[in-house]
1. For the stretch A:206-256 and the stretch A:106-155, compute the distance between their C-alpha centroids and round to whole Å.
2. Please report Rg (one decimal) and Dmax (integer) in Å for the Cα set of the protein assembly as shown.
3. Summarise the long-distance tail of P(r) for the stretch A:119-268 by giving the % of C-alpha pairs beyond 24 Å.
4. Near the amide H of A:TYR87, under 5 Å away, which other amide H atoms are found, from residues 5 or more places off or on another chain, if H is placed in the peptide plane?
5. Could you list which residues have their amide H under 5 Å from that of A:ILE28, counting only those 5 or more apart in sequence or on another chain, with H placed in the peptide plane?
6. List the trypsin sites (Lys or Arg not before Pro) in the stretch A:162-244 that DSSP assigns to loop (not H, G, I, E or B) and whose Cβ has at most 10 other Cβ atoms within 10 Å. Which are they?
7. Please report the relative contact order for chain B, taking Cα pairs under 8 Å with a sequence separation of at least 6, and give it as a percent rounded to a whole number.
8. List, in order, the whole-Hz ³J(HN,Hα) value for each residue of the stretch B:100-108 obtained from phi through the Karplus relation with A = 6.51, B = -1.76, C = 1.60 and θ = phi - 60°; use x for Gly and Pro.
Amino acid sequence: MRALKWSVTAFTIVFLVAPLLVVAVVSINENRYMDFPPEGFSIAWYSALWTDPAWRSAIVRSLVIAAASAAFATAVATPLAYVLRAYRIRLSPLLFSLGIIPFMLPPVITALGMQVFWNATGHVGRIENVIIAHGIFFSTLPLIAIALAMETMDPSLREAAQTLGANPRTTFRTVTFPLLVPSMITGYAAAFVLSLNEYIISFLVAGFSVETLPIKIFNSLRYGFTPTIASVTIVFIVVAATVFTFSALFGNLLRFLGADPATLERNQA
Amino acid sequence: MSERRRPTASTYAVLAIPVALLTVFFLIPFGMMLAASFYHRISGGFYEPAFELDSWRRLFSQVFIERAGFSIGISLLAGAVCIAIAFPFTYFLTRMRRRPHVALLILVLSALSLSEVIVGFTWSVLLGRAAGLSNILVWLGLMDEAVAYQPSFLAVLLGLSYIAFPYCVLTLYPSLTRLDREVTEAAQTLGASPWRTFWTVVVPISRPIILAGFLLVFVFTLGSYLIAAILGRPEHWTLSVFISDQASFNANVPFAAAMAIFLTALSLLVVGIVTLIESRTRSLA
């Protein structure tokens, strides 16, 4: 069993890391072409990410879309999660699944729906179309995070505020809302990272005029390889790992992922 | 939250905002897509309102049935591959000490946050002829000449399994952390070996979540676009590639819409089954 445990774990690590390792090697190759073993060492492909205007504008555009759409997603999710969890609403499960379904379905469905929608309005090929499409598609992530926080919130906190004379509005502002902020941040971060990486929705909504980073990478792959693709990949991985490491250190990552703290403690003993 | 309060007029006003946004930007576009599947296609990439069944009839064409069958088949296979690795991995992960536990989770989450285009690219390098696996084998003297393992069916399957694996781990994770150590210890006190305990206790208890995880991976890979586009030949294209190809390059939105409705129905069916499994498991617990 011990042997199985280590072989499964080692196999998984190799499976997850192997392609990244190969790309890391390619990204520091001095030569324009892919070579193995690599020849020379160069970080030129990393600096090209910022000095080449085409790559830089794709990066900036993707960051703008990710920041704005994650904010939009959180703005849609917060009132929905709060009201559905704090009040007795008729059709509550139905309204909640309205927020879940876009993300549960393959993204190509949201993508095509949005394409048809924007074509009909005549407002085509704009960056805000992509922001709205991503905001709706990824609103599920903050929705789940905030709903989870509402379900696990200690009711005595709110009762204490009310006993001390706070009206519902003040209770929300001074007790409930501050307790929801960490989950809003977690949901925002998840929506941000996934929006940064999203391809098919951006492509069908405004792919020919708004070139996001994933679209730029795919287009350059079509016209042949440039080592810049390898360096942007490595930058992405480092950013993602850093974000998650921070949320493990300063947030409650294991809880957010659904671990039960009590059982976890016992099992790790 | 213990007691849910009675809503007031302002509660509904607050609720109306997200519901209106989701209606305008999800339900209405979906309805328009459904309508577009009956529209008439005009050459040049446009379409006009009409009521035609042409696009729907094409769903019964040989080409579409082959594509749909291939997509479903490869997604089921990817689901099986993922569960076979992810289940034991997640089980061992939840029994590790905190430090390796968190470190492995961060690795899984980092892989999760990789763009499909990046995953496709990394595997195309690894399986390619220029700087990949076969070059390492040549370098080690195990092979004479470098070969390309992509584009191929196996490359698409590996890529799909790679993007779905982190999701699979995260679906299994909550229930496996709740699987109490006492349960497995009880089996071992009664004389079962760890191996036997795993097969006769852990796996049977987890059967519903294994099925749920498998089906979620299935829906997830069904939606993959770039993996098949980068790592496969046209005969390895999945439904998502086919739909976006029709919607963009072939400019046949009505047919793309009809296929998208089919994909929606298929996904909703699978998600419905998963929800049913989960609610039944909860009522048993």
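Read-outs throughout are calculated quantities, based only on the coordinates presented, and are distinct from any laboratory measurement. Bear in mind that the values here come from a model prediction, so they are computed numbers and not experimental data. Glycine also receives a Cβ, built like all others from the backbone with ideal geometry; neighbour counts cover every protein chain displayed.
1. Taking the Cα centre of each part, the stretch A:206-256 and the stretch A:106-155 sit 20 Å apart.
2. When restricted to the Cα atoms of the protein assembly as shown, Rg and Dmax are 24.4, 82 Å.
3. Working: 6028 of 11175 pairs.
The calculated P(r) of the stretch A:119-268 puts 54 percent of pairs beyond 24 Å.
4. Amide H to amide H, under 5 Å and 5 or more residues apart or across chains, A:TYR87 pairs with B:ARG5.
5. none
6. The qualifying sites: there are none.
7. Details: 300 pairs, mean separation 77.4, N = 285.
Relative CO of chain B lands at 27 percent.
8. My calculation for the stretch B:100-108 gives x, 4, 5, 4, 5, 4, 5, 4, 4 Hz in order.
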